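Chemist: Shown below is the structure under consideration.
Each reported figure results from applying straightforward, stated rules to the coordinates on display, with no laboratory input. Being a predicted model, the structure only gives us computed values, none of them experimental. Cβ placement follows ideal geometry from the backbone for every residue including glycine, while neighbour counts extend to all protein chains displayed.
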Amino acid sequence: MALSRVFVANRGEIAVRVVHAAHALGMEAVQAYSEADADMLAVRLADASVCVGPPQAAKSYLNGEALIAAAKEAGCDAIHPGYGFLSENAAFADAVEAAGLVFVGPSGKTISRMGDKAAAREAAKEAGVPVVPGSEGLVADEEAALAAAETVGYPVMVKAAAGGGGRGIRIAADADELKRIAPQARAEAKAAFGDGSLYLERVITAPRHIEVQVLADGTNAIHCFERECSLQRRRQKVWEEAPAACLDQATRERICTAAADLARSVGYRGAGTVEFLYDEAAGEFYFIEMNTRIQVEHPVTEMVTGIDLVAWMLRIAGGESLSLSQDDVTLDGHAIEVRINAEDPAMQFMPSPGVVETVSVPPSDAVRFDTMLYDGYAIPPFYDSLLGKLIVHAATRDAAIDAMAEALEGLTIVGPKTTIPLHKALARDASVRSGKVHTQFLEPWLEASPLTAD
């Protein structure tokens, strides 16, 4: 059955994005909001809105029972979780379905399998997708970790089996360091995700971070090509682009096919992302995890393929089969996205909430700004600092970087400090412009090139 009224169980720019996608498909959108978000843009744009709790996320956007009750009370037939919060929570997905609503995303069973990194690794191996050499399953304690590391080989990365966002990850150069950091990683993972399970992977030195966008309807699965997200600070992505300039066509075909094969093998439904580390020197790629949700950086894929990924999530959730074939998906030019955060890059990225006096975006068909901002908006201090994403599209990568530099000059946000100066500097950098970057590039670059206020 086609959906008619969707409940948006998220906030910020992704909530705005879902509201727009729902309206484009002729659906009504009901926006959830916390007491701190009563004036957010998605509330203004939605057909209706419901307060789901106080500012603390644990009592509002992470309160599954309240979200489901609000969705039912508002007469919705589906819940879109966005990204973050409960988007990859299998129990929430199951509870939504048990309440007679449609969860816009994969089943709880799939989320559980692919959200557990150790289980996802086994699923990848079963699908014939290369994985980083690592422990065989979870390591129960520090003794098991030490034994596994002897087989895997140092340096090793200790990783939380649950969760994401770089939490519960440590690198050990030798056994002594592993003894010290494994308990820290376990405690952090337990606190962040309620699950302290760990596993080990060999460290790939200076890899590129490549991820492949997939769409699937539970039976059929296709890829929408890849993105590169190697520019990261504290394992948080900063600059994303599509396609990946470091891949030749043969490797592109192999990595994208592998991602679609994995999605098909697990009966995936909706939009998802299969993430890989790419060893450029060896020309080899390795599966690391799957994100069972829409991602922050999905707009670059939309720009180079012309496919509305959020709309397809809603269509598939409503029971529509994926009518796109792989041959229907083609690449057009190059796109780059930068994340504009309310942080001061000249002050160690200190958060900078406050009132946005004015916001102005350069007018251009090749520039897109996905944001929650409007003139006079007061940024709440309770949530992630992401204000929006600036995306540009051009015929070539060089032209896209030039377009990004120009768009950044034209983007004006008066009030809070933002990360615009960081992106201006990156767009000027010779290594970035030549594509000579990797996942360990940005933090030393920041230390060597302190940023000043814009």
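Chemist: Once all Cα-Cα distances of the range 336-453 are split into 10 Å bins that start at 0, what whole-number percent is in each one?
Modeler: Cα pair-distance distribution for the range 336-453, in percent: 13, 44, 34, 9, 0.
Chemist: While we're looking at this one, here's another question. Pairs of Cα atoms under 8 Å, at least six residues apart: use those to get the relative contact order of the chain, whole percent. Show your work: numbers first, answer last.
Modeler: On the way: 1027 pairs, mean separation 65.5, N = 454.
About 14 percent, as a whole number.
Chemist: Given the pairs LYS159/LYS237; LYS125/LYS389; LYS59/LYS190, which are separated by over 26 angstrom at their Cα positions?
Modeler: Values: LYS159/LYS237 18 Å; LYS125/LYS389 34 Å; LYS59/LYS190 20 Å.
Among LYS159/LYS237; LYS125/LYS389; LYS59/LYS190, the Cα-Cα distance tops 26 Å for LYS125/LYS389.
Chemist: Starting from the exponent 0.38 and prefactor 2.2 Å, build the expected Rg for the range 177-221 from its residue count and divide its actual Cα Rg by it.
Modeler: Details: Rg = 16.4 Å, N = 45, 2.2 N^0.38 = 9.3 Å.
Relative to the rule-of-thumb radius for its length, the range 177-221 sits at 1.75.
Chemist: Just rank LYS59, LYS159, fewest to most, by other beta-carbon atoms within 10 angstrom. Intermediate results must be reported in sequence, preceding the final value.
Modeler: Values: LYS59 14, LYS159 28.
So the ranking, lowest neighbour count to highest, is LYS59, LYS159.
Chemist: With Kirkwood's inverse mean 1/r over C-alpha pairs for Rh, give me the Rg to Rh ratio of the range 208-448, two decimals please.
Modeler: Working: Rg = 18.0 Å, Rh = 18.6 Å.
That ratio is 0.97, to two decimals.
Chemist: OK, next. Using Cα-Cα distances under 8 Å and only pairs 6 or more residues apart, what relative contact order does the range 5-104 have, in percent? Intermediate results must be reported in sequence, preceding the final value.
Modeler: On the way: 188 pairs, mean separation 29.0, N = 100.
Across the range 5-104, relative contact order equals 29 percent.
Chemist: Sort MET27, MET157, MET290, MET40 by Cβ crowding within 10 Å, fewest neighbours at the top.
Modeler: Details: MET27 22, MET157 19, MET290 30, MET40 26.
Listing MET27, MET157, MET290, MET40 from fewest to most nearby Cβ atoms yields MET157, MET27, MET40, MET290.
Chemist: Taking 8 Å as the Cα distance limit and 6 or more residues as the minimum spacing, I'd like the relative contact order of the range 144-293 as a percentage. Intermediate results must be reported in sequence, preceding the final value.
Modeler: Numbers: 299 pairs, mean separation 30.3, N = 150.
Computed over the range 144-293, the figure is 20 percent.
Chemist: Taking the number of other C-beta atoms within 10 Å as the exposure measure, put LEU373, LEU67, LEU309 in order starting with the fewest. Mind showing how you got there, number by number?
Modeler: Working: LEU373 24, LEU67 27, LEU309 21.
By the 10 Å Cβ count, ascending, the order reads LEU309, LEU373, LEU67.
Chemist: Looking at the chain, do any whole DSSP H helices span at least 18 angstrom along their long axis by alpha carbon and average -0.5 or above on Kyte-Doolittle, and which? Spell out each step's value before the answer.
Modeler: Numbers: long enough: 12-24 (19 Å, 0.73); 175-193 (26 Å, -0.46); 249-265 (24 Å, -0.38); 397-410 (20 Å, 0.02).
Membrane-span-like by this rule: 12-24, 175-193, 249-265, 397-410.
Chemist: Follow-up question, since we're still on this one. Which residues in the range 370-414 have a backbone N closer than 19 Å to a point placed 7 Å from the Cα of GLN56 along the Cα-to-Cβ line?
Modeler: 380-384
Chemist: Once all Cα-Cα distances of the range 123-177 are split into 10 Å bins that start at 0, what whole-number percent is in each one?
Modeler: 21, 52, 26, 1
Chemist: Taking the Cα centre as origin and putting +1 on Lys and Arg beta-carbons and -1 on Asp and Glu beta-carbons, what dipole magnitude results for the range 5-104, to the nearest 20 debye? All intermediate terms of the calculation are to be shown ahead of the outcome.
Modeler: On the way: 6 positive and 12 negative charges, 25 e Å.
For this selection, approximately 120 debye.
Chemist: Sticking with this structure for a sec: Classify the chain: rounded, prolate or oblate, from the alpha-carbon gyration tensor (a ≥ b ≥ c, eigenvalue square roots; a/c under 1.5 rounded; otherwise prolate if a/b is larger than b/c)? Before the final figure, lay out the partial values.
Modeler: Working: a/c = 1.31, a/b = 1.12, b/c = 1.17.
Rounded is the answer for the chain, as its axis ratio a/c remains below 1.5.
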